[in-house]
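Report on the structure given below.
Only the coordinates and a few stated rules stand behind these numbers; no lab work does. Predicted model, so just to flag it, every value in this text is computed and none were measured.
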Amino acid sequence: MKRPARKILIVLILAALGLVGWHFGLDRAGDCLLQGGRWNWDGGFCRLDRLARPS
């Protein structure tokens, strides 16, 4: 396989993986986990428990 064809194939595979992740909401779940929350897969929302705790 020639180099340009291999590069195009790699880009297409990465784009497909990105679309699958976006379709299943993995970007929002990742943002939620980075903020310290828990992602609710059934409801599709982020639960940030640290905001509800009294300080």
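Across the chain, the mean sequence separation of Cα contacts (distance under 8 Å, 6 or more residues apart), normalised by length, yields a relative contact order of 18 percent. In degrees between 0 and 90, to the nearest 10, how far off the longest principal axis of the chain does helix 3-23 point, with axes built from Cα atoms? Tilt of helix 3-23: around 20 degrees.
Using only the Cα atoms of the chain, construct the convex hull and provide its projected area averaged over every direction, in square nanometres to one decimal.
On the way: hull surface 20.3 nm².
Result: a mean projected hull area of 5.1 nm².
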